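One structure is given here, and the rest of the page talks about it.
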Amino acid sequence: MTNEAVMIRTKGGSFADRAIERTREKMYQRLAAFAPLDELESVLDVGVTADQELDSSNFFENRYPHSDRLTALSDQDASWLSERHRGMKFVQASALDMPFADQSFDLVFSNAVIEHVGNSDHQRRFLSECFRVAKRFVFITTPNRYHPIEFHTVLPLIHWLPKRAHRAVLKRLKMEFFAKEENLNLLSKGELIELANQANAVNKTSAHDDLLSLSLSLSLSRRRSFWASRRICCSLGRGKR
């Protein structure tokens with residue numbers, strides 16, 4: 001069973017909350033520059049959370065002005081979103097097997113979900129499903145494994161260890177939840193590129209190099225019958241917000 005929309009309550013208090021909120025605002029600005037949001041007829045947000053307490057939860061729904069064009073998907077029960085955002089449709093299902101036809105949405109968006117779906121096979125399947133149901137644009141973000149602070153655990157540097165060693169340390173620190181691959185599987189830029197290439201066989205992906213940025217974003221646009229352009233970029237810069 002996947003865990004696609006884990007509700008994260010960081011221990012970093014207001015600093016972590018502010019850093020995440022600023023990152024998400026930058027992400028939305030990057031998305032708006034990438035895709036013509038006001039012109040799109042259908043948008044899918046993959047991996048919304050059922051949490052109603054954190055201000056940063058489901059930030060896309062809180063910013064996107066056309067809720068009647070929006071569908072949100074999660075393996076959690078977030079049906080309350082349909083009441084809060086007029087005209088929005090909520091679907092409870094797995095992101096690894098979405099109940100939508102090919103090319104159903106002009107834009108498929110997903111923020112900080114892929115690191116919670118499990119092993120690399122599940123992450124590859126997640127990307128494949130996003131590519132399959134998207135008609136024009138895909139925009140996916142994930143925390144950068146090589147930012148000095150890991151914002152789920154709010155611990156520095158230990159996530160730079162080999163993944164098996166990192167999980168062993170988390171287990172010793174009594175962070176059993178995040179020690180499990182099914183709950184947290186961080187990605188580097190190179191790993192995200194490789195998964196994207198494996199999930200969608202087109203020309204090799206190019207990427208900007210900025211190891212210390214907080215988040216990575218994967219953006220694709222469709223040309224004719226295939227994904228012709230792909231870019232992975234690091235949002236913000238050098239870890240300072």
- Task: Please compute P(r) over all alpha-carbon pairs of segment 75-195, binned at 5 Å starting from zero, and give each bin as a whole-number percent.
- Result: 2, 10, 17, 21, 17, 13, 10, 7, 2, 0
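From Cα pairs below 8 angstrom and at least 6 apart in sequence, can you work out the relative contact order of segment 113-165, rounded to a whole percent? Before the final figure, lay out each step's value.
On the way: 25 pairs, mean separation 13.7, N = 53.
Here the relative contact order equals 26 percent.
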- When a footprinting reagent is the concern and you count Cβ atoms within 10 Å, what order do Val117, Val43 take, fewest first? Val43, Val117
- For segment 21-74, rounded, prolate or oblate, judged on the Cα gyration tensor with a ≥ b ≥ c (square roots of eigenvalues), a/c < 1.5 rounded, else prolate if a/b > b/c? oblate
- Karplus-derived 3J(HN,Hα), 6.51/-1.76/1.60, for each residue of segment 189-196, Hz, glycine and proline x: 4, x, 5, 5, 4, 4, 4, 5
- GluC sites (Glu not before Pro) restricted to segment 16-68 and DSSP loop, no more than 15 other C-beta within 10 Å: Glu41, Glu53
- Query: Hey, rough spin-label estimate for Ser188 and Arg18, points 7 angstrom out along Cα→Cβ, what's it come to in nanometres?
  - Reply: 3.2 nm
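Residue separation times 0.36 nm, minus the C-alpha to C-alpha distance between Arg63 and Ser82: what's the value? Please report the intermediate quantities before stating the final value.
Values: separation 19, 0.36 × 19 = 6.84 nm, distance 1.48 nm.
Length gained, Arg63 through Ser82: 5.4 nm.
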- Query: Using a Förster distance of 35 Å, how high is the FRET efficiency between Trp160 and Asp121, based on the Cβ-Cβ distance and rounded to 0.05?
  - Reply: 0.90
- Unit Cα scatterers, Debye sum, segment 118-170: log10 I(q)/I(0) for q = 0.16, 0.22, 0.28 Å⁻¹: -0.64, -0.89, -1.08
- Note on the structure: Residue-ordered couplings for segment 165-173, obtained by feeding phi - 60° into the Karplus form 6.51 cos²θ - 1.76 cosθ + 1.60 and rounding to whole Hz (Gly and Pro as x), are 5, 4, 5, 5, 5, 4, 5, 5, 8
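Return Tyr64, Tyr28 ranked ascending by Cβ neighbour count within 10 Å, so the fewest neighbours appear first.
Values: Tyr64 22, Tyr28 19.
Ranking Tyr64, Tyr28 by Cβ neighbours within 10 Å, fewest first, gives Tyr28, Tyr64.
Since every read-out is calculated from the coordinates, none of them should be taken as a lab result. These figures come from a predicted structure and were not determined experimentally. Note that we place each Cβ from the backbone using ideal geometry, even for glycine, and neighbour counts take in every protein chain shown.
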